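Colleague: I have a structure I would like to understand better, so I am pasting it below and will then ask my questions one at a time.
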Amino acid sequence: MRYVFSLALVIAAVAACDGGPTEPRTVTDDRGLAVRLASREVRKPANVSMLFQVTTSAGKPVPGLTVEDFTIYENDEPISRFEAARAIVPKPGKFVSRAVLVLDLSGSVLNAGSLPALKDAARSFITATLPASGGSDADAGIWWFDGAAELHQLSGFSNNRTALLAAIDKIAPGLSKDVSTNLNGAVINAVALAADKSAEDKRRGLISSNAVVIFTDGTDRAARRTDQEALNAVAKNKADVSVYTIGLGSEIRESSLRAIGIDGFVSARGVTELSGAFSAVGASIRAEANSYYLLEYCSPKRAGTNTVKVEVAREALSGSLATTFSAAGFGGGCTVPAS
């Protein structure tokens, strides 16, 4: 969706301010790239930082941008790099990418020889999703389901890749006591779990990207919850929770999994394709996380309410974000963290 507002109106709206703190007011211009502000921070001596996401107009994440891809304007005047040091800085303490991996361990998976390939695929997902070095800006948790009403926890949220891989190693044929498949219930419970974490993040002032990944080799057999209830849960929380589905074999109902996986569905025709399917979804989640940028620069302004515009360009596409800030009390001595 394209949002274009008049920058003049924004300036006029804050013109009466006396230079004190102001609420951020945003103006976006989408010319193939959408720049969405997540948070803005201003601190002395003259630091301005903005956490934002860059996607295509169609909503596809745009990772891999560098500070050279962004141009900064203050009050519509471009700022020279010699006047204002700037960097894309790490996001710990401000942003987290979280994945809820949910595995179907009903009888058809545990008893059909698929388990070794599924465990390898789950390892591929964790490897693709979490950096080897850990870090506080990404974590994942693993749950599984069978015919029971609730999800079973295999490993709670962690940024420790080694611990999560060790939990996957413990999956064994005797783990489940119910051969049925409560797929709809698993979707509802997993989305609720991710939505609760998103709400908790907001209370803590943390920006987060939360994804649910559901794997199954069949359809709902338990009939504890309806297809429509599962779809309603996904739709209700789509602003805060991304949902991906992975289906294995010929017994899945592809139309249902596509409807649930509003952010992506991958089909594996056989067990040899499972690792690739899980890796692809993991890569999509990392791309989503890496499309968030924390840009910080040193403002040359020393007073007043000002506008800052960040413009990004890649090939023939571009987009921009403008917001307001107060430079009251700004002075010399500003530095930015290393990228």
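The values are calculated or read from the model by the stated rules, or taken from the named source; none is laboratory data. The structure displayed is predicted, hence computed values, not measured ones. All Cβ positions, even for glycine, are placed from backbone atoms using ideal geometry, and neighbour counts span all protein chains on display.
For every residue, the table says whether it meets (1) in contact with an Asp or Glu (Cβ under 9 Å, 6 or more places away or on another chain); (2) of a type in the set (Phe, Trp, Tyr).
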position	(1), (2)
PHE70	yes, yes
LEU110	yes, no
LEU115	no, no
SER124	no, no
ALA140	no, no
TRP144	yes, yes
LYS170	no, no
PRO173	no, no
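Colleague: May I pose another question? Tally time: how many residues in segment 297-338 are assigned to a strand (DSSP E or B) and either farther than 24 Å from GLY59 by Cα or aliphatic (A, V, I, L, M) (or both)?
Modeller: 15
Colleague: Taking interchain pairs and intrachain pairs at least six residues apart, which have beta carbon atoms under 7 angstrom, with the first residue in segment 246-268 and free of Cβ contacts under 8 Å to residues at least 24 places away in the same chain and farther than 15 Å from ASP217 by Cα and the second in a helix (DSSP H, G or I) and of a type outside the set (Phe, Trp, Tyr)?
Modeller: Matching pairs, first to second residue: GLY264/VAL281; GLY264/SER284.
Colleague: Another question about this same structure. Among the residues of segment 315-327, which ones are out of contact with any helix residue (DSSP H, G or I) (no Cβ under 9 Å at 6 or more places or on another chain) and more than 17 Å from ALA84 (Cα to Cα)?
Modeller: Across segment 315-327, the qualifying residues are GLU315, ALA316, LEU317, SER318, GLY319, SER320, LEU321.
Colleague: Please verify whether SER255 is modelled with pLDDT under 95 and surrounded by fewer than 16 Cβ atoms within 10 Å (Cβ to Cβ), treating the condition exactly as stated. Outline the logic, then answer.
Modeller: Details: modelled with pLDDT under 95: no; surrounded by fewer than 16 Cβ atoms within 10 Å (Cβ to Cβ): yes.
So SER255 fails the test.
Colleague: Here's a check for you: in segment 240-285, which residue that is in contact with a Ser or Thr (Cβ under 6 Å, 6 or more places away or on another chain) and in a helix (DSSP H, G or I) is nearest to LYS91 (Cα to Cα)?
Modeller: So, considering only residues that are in contact with a Ser or Thr (Cβ under 6 Å, 6 or more places away or on another chain) and in a helix (DSSP H, G or I), the one nearest to LYS91 (Cα to Cα) is ILE285.
Colleague: Does at least one position in segment 124-131 carry a residue that is over 25 Å from VAL96 (Cα atoms) and of a type outside the set (S, T, N, Q)? If you could, list the steps in order and put the result at the bottom.
Modeller: Of the residues in segment 124-131, the ones over 25 Å from VAL96 (Cα atoms) are none.
Checked against the condition, which is being over 25 Å from VAL96 (Cα atoms) and of a type outside the set (S, T, N, Q), segment 124-131 yields no hits at all.
Colleague: Would segment 103-115 turn up any residue that is part of a strand (DSSP E or B), within 20 Å of ALA277 (Cα to Cα) and modelled with pLDDT of 95 or more?
Modeller: First pass over segment 103-115, keeping only residues part of a strand (DSSP E or B): 103-104.
Then keep just the ones that are within 20 Å of ALA277 (Cα to Cα); that gives 103-104.
Among the residues that remain, those that are also modelled with pLDDT of 95 or more are: 103-104.
Checked against the condition, which is being part of a strand (DSSP E or B), within 20 Å of ALA277 (Cα to Cα) and modelled with pLDDT of 95 or more, segment 103-115 yields at least one hit.
Colleague: A further question on this structure: Pairs only if they're at least six apart or on different chains, beta carbon under 7 angstrom, first in segment 148-162 and farther than 12 Å from GLY134 by Cα, second of a type in the set (Lys, Arg); list them, first residue then second.
Modeller: Listed by first residue and then by second, the contacts come to ALA149/ARG224; PHE157/ARG98.
Colleague: While we're here: Residues to consider are TYR297, TYR244; find the one that is over 26 Å from ASP139 (Cβ atoms), of a type outside the set (Asp, Glu), modelled with pLDDT of 95 or more and buried (at least 22 other Cβ atoms within 10 Å of the Cβ). So that I can check it myself, show each step before the final result.
Modeller: Numbers: TYR244 fails: over 26 Å from ASP139 (Cβ atoms).
Going through TYR297, TYR244 in turn, the sole match is TYR297.
Colleague: For the subset of segment 25-45 comprising residues that are within 22 Å of the chain's Cα centre (by Cα) and β-branched (Val, Ile, Thr), which member is surrounded by the fewest Cβ atoms within 10 Å (Cβ to Cβ)?
Modeller: THR26
Colleague: Report, ordered by the first and then the second residue, all pairs with beta carbons closer than 8 Å, sequence separation of six or more or different chains, a first member in segment 91-104 that is hydroxyl-bearing (Ser, Thr, Tyr), and a second member that is assigned to a loop (DSSP other than H, G, I, E, B).
Modeller: Close Cβ pairs satisfying both conditions: SER97/ASP137.
Colleague: Would you mind stating whether LYS119 is assigned to a loop (DSSP other than H, G, I, E, B), among the charged types (D, E, K, R) and buried (at least 18 other Cβ atoms within 10 Å of the Cβ)?
Modeller: Values: assigned to a loop (DSSP other than H, G, I, E, B): no; among the charged types (D, E, K, R): yes; buried (at least 18 other Cβ atoms within 10 Å of the Cβ): yes.
Taking the combined requirement at face value, the residue does not satisfy it.
Colleague: So, in segment 144-184, of the ones that are hydroxyl-bearing (Ser, Thr, Tyr) and touching a helix residue (DSSP H, G or I) at 6+ places or on another chain (Cβ under 8 Å), which residue ends up farthest from ASP217 (Cα to Cα)? Spell out how you get there, then give the answer.
Modeller: Quick first cut of segment 144-184, residues hydroxyl-bearing (Ser, Thr, Tyr) only: 155, 158, 162, 176, 180-181.
Going one step further and asking which of them are touching a helix residue (DSSP H, G or I) at 6+ places or on another chain (Cβ under 8 Å), we end up with 155, 158, 176, 180-181.
Values: SER155: 22, SER158: 26, SER176: 16, SER180: 12, THR181: 10 Å.
The qualifying residue farthest from ASP217 (Cα to Cα) is SER158.
Colleague: Quickly run through segment 270-302 and pick out the residues that are of a type in the set (Gly, Ala, Ser) and closer than 27 Å to PHE70 by Cβ.
Modeller: First, pick out the residues of segment 270-302 that are of a type in the set (Gly, Ala, Ser): 270, 275-277, 279-280, 282-284, 287, 289, 291, 299.
ALA283, SER284, ALA287, ALA289, SER291, SER299 - these are the residues of segment 270-302 that are of a type in the set (Gly, Ala, Ser) and closer than 27 Å to PHE70 by Cβ.
Colleague: For segment 46-70, give me each residue that is hydroxyl-bearing (Ser, Thr, Tyr) and loosely packed, with under 15 Cβ neighbours inside 10 Å.
Modeller: Step one: filter segment 46-70 for residues hydroxyl-bearing (Ser, Thr, Tyr), giving 49, 55-57, 66.
Result: SER57, THR66.
Colleague: Being closer than 24 Å to GLN53 by Cβ and among the charged types (D, E, K, R) is the requirement here; does ARG123 meet it?
Modeller: So ARG123 fails the test.
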